[in-house]
Amino acid sequence: MQKIFIVILLVIIGALGYLLFIQHQQQQPKAIVNADTIAEQVSEKNRKTKHPRFINLHIDSIAIHKAERQLLIFSNERLVKTYNVALGLNPVGRKEVEGDFKTPEGHYFIRGKNPLSTYHKSLGISYPNEEDKERAQQIGQRPGGDIMIHGLMKHMNNPGKLHVKSNWTSGCIAVTDEEIDELYSQIKIGTPVFITP
């Protein structure tokens, strides 16, 4: 009889505790959620992730730092995203002639977009500029061309982010297919591209 009394007492105490908890919750002020709060939360999340997603931003410029093997995207002069990249097979130094497997260095712009590229999709870079042409002409060579920011080669096993473990392009800047999809959708023809050693 004493055991039954203890069980009933515990059930009553538990029920009272639950009712007090519910009442306390109902008295708490409701959080006000608005667009600014959501934007702040997304922005904070983006700062904490290596590859935050950007949608419908005006992209001011693209910077490619060869030594760090990174492509940086700027909007309103603020860094909004960084990508790891693969470069030309012979990445050190500026591209001088056709076939040297170097990635250019200098000031360029996005000259075109190709959705049917051999490398998934591509953004054409305006190499060679006048300075590149003059330099190649001085040594009696052609400067080359067809430098792009592109995805991975079609009809091959997709290594994903492992492709950045080595430099493997002919002088282009390579990202994953998912990354070029994102860049392709946001970057406009004429966007400045700065490539540094």
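Roughly what % antiparallel, to the nearest 5, for the DSSP beta bridges in the range 56-196?
75
With a cut-off of 14 Å between beta carbons, the residues surrounding Tyr127 carry a summed charge of -1, where Lys and Arg count +1 and Asp and Glu -1.
The alpha-carbon of Lys121 sits under 19 angstrom from the alpha-carbons of these aspartates and glutamates, leaving out residues fewer than 8 places away in its chain: Asp146, Asp177, Glu178, Glu179, Asp181, Glu182.
What does the charge dipole of the range 56-196 about its Cα centre add up to, to the nearest 20 debye, if the Cβ of each Lys and Arg holds +1 and the Cβ of each Asp and Glu holds -1? Display every interim value, and only then the final one.
On the way: 17 positive and 17 negative charges, 40 e Å.
Result for the range 56-196 is approximately 180 debye, rounded to the nearest 20.
We did not get these values from a lab; they are worked out from the coordinates using the rules stated. Everything numeric here is computed off the predicted structure, so don't read it as measured data. Cβ coordinates were reconstructed from backbone atoms using ideal geometry, including for glycine residues, and neighbour counts include every protein chain displayed.
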